[in-house]
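The values are calculated or read from the model by the stated rules, or taken from the named source; none is laboratory data. These figures come from a predicted structure and were not determined experimentally. No Cβ is skipped: glycine too gets one built from the backbone with ideal geometry, and neighbour counts run over all protein chains shown. Ligands, DNA and RNA are excluded from the accessible area calculation, which covers all protein heavy atoms including side chains. Shrake-Rupley method; radii C 1.70, N 1.55, O 1.52, S 1.80 Å.
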Amino acid sequence: MKTVVNLTQQSVLGEIENVLDTYPYRPYQQAFAIPDLRQELIAFVLNRIPCLYSAISDEQLLMQRCDKESWLNNKLPRSPLEQQQHLQRLIHEGIYSIFQEKSDWISHHLCESVQAGCEPSHWFG
């Protein structure tokens with residue numbers, strides 16, 4: 001039996017995590033922890049790179065999960081370093097673009113979540 005694997009998406013998800021780890025928690029990591037913004041960033045990047053799919057047997061799938069990065073690197077026309085740098089540039093561009101476009105929404109959403117946790121409880125009267 002064969003399974004179709006999206007090689008690009010897994011690589012993009014991992015690289016987004018790596019790039020976001022280089023940004024300050026507040027507001028960047030905090031903002032992209034919001035599922036809608038995270039999904040928008042993923043879509044931003046995936047729409048700008050070719051996606052690679054492969055049909056592989058279940059046995060190959062188990063082996064490839066262990067060595068996914070080298071397999072992906074062998075399938076793309078660029079060197080592994082060029083691929084990674086290109087992907088990182090797109091992620092930085094996406095972060096900047098989404099922050100520019102949705103700055104008011106992000107600011108409002110992050111302020112709400114911080115204030116909600118800091119308000120005193122009225123439960124005790």
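With the requirement that a residue be part of a loop (DSSP other than H, G, I, E, B) and either within 16 Å of Phe99 (Cα to Cα) or of a type outside the set (D, E, K, R) (or both), what does the range 3-32 give you?
Here is the first cut: in the range 3-32, the residues part of a loop (DSSP other than H, G, I, E, B) are 21-24, 32.
If the condition is that a residue be part of a loop (DSSP other than H, G, I, E, B) and either within 16 Å of Phe99 (Cα to Cα) or of a type outside the set (D, E, K, R) (or both), then Thr22, Tyr23, Pro24, Phe32 are the ones that fit.
Within the range 73-80, does at least one residue satisfy the condition of being assigned to a helix (DSSP H, G or I), touching a strand residue (DSSP E or B) at 6+ places or on another chain (Cβ under 7 Å), modelled with pLDDT under 95 and open to solvent by less than 70 Å² (accessible area, probe 1.4 Å)? Give the steps one after another, and end with the answer.
Filtering the range 73-80 down to residues assigned to a helix (DSSP H, G or I) leaves 73-75, 80.
Next, only the ones that are touching a strand residue (DSSP E or B) at 6+ places or on another chain (Cβ under 7 Å) stay: none.
Taking every residue of the range 73-80 in turn, none turns out to be assigned to a helix (DSSP H, G or I), touching a strand residue (DSSP E or B) at 6+ places or on another chain (Cβ under 7 Å), modelled with pLDDT under 95 and open to solvent by less than 70 Å² (accessible area, probe 1.4 Å).
Over 12 Å from the mean Cα position of the chain (by Cα), surrounded by 16 or more Cβ atoms within 10 Å (Cβ to Cβ) and touching a residue at least 40 places away in the same chain (Cβ under 8 Å) - does that describe any residue in the range 5-12? Don't jump to the end; show me each part of the working.
First, pick out the residues of the range 5-12 that are over 12 Å from the mean Cα position of the chain (by Cα): 5-7.
Subsequent filtering for residues that are surrounded by 16 or more Cβ atoms within 10 Å (Cβ to Cβ) retains 5, 7.
Subset that is touching a residue at least 40 places away in the same chain (Cβ under 8 Å): 5, 7.
Scanning the range 5-12 turns up at least one residue that is over 12 Å from the mean Cα position of the chain (by Cα), surrounded by 16 or more Cβ atoms within 10 Å (Cβ to Cβ) and touching a residue at least 40 places away in the same chain (Cβ under 8 Å).
Here is a yes/no grid of residues against (1) modelled with pLDDT under 95; (2) more than 16 Å from the chain's Cα centre (by Cα):
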residue	(1), (2)
Tyr23	no, no
Phe32	no, no
Glu40	no, no
Leu46	yes, no
Ser54	yes, yes
Asp58	yes, yes
Leu62	yes, yes
Cys66	yes, yes
Ser70	yes, yes
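Filter the range 14-54 down to residues that are aliphatic (A, V, I, L, M) and over 23 Å from Leu110 (Cα atoms) and give me whichever is least open to solvent (accessible area, probe 1.4 Å). Talk me through it step by step, then tell me what you get.
Step one: of the range 14-54, the residues aliphatic (A, V, I, L, M) are 16, 19-20, 31, 33-34, 37, 41-43, 45-46, 49, 52.
From what's left, over 23 Å from Leu110 (Cα atoms): 45-46, 49, 52.
Numbers: Val45: 0, Leu46: 36, Ile49: 30, Leu52: 40 Å².
Filtering the range 14-54 for residues that are aliphatic (A, V, I, L, M) and over 23 Å from Leu110 (Cα atoms), the one least open to solvent (accessible area, probe 1.4 Å) comes out as Val45.
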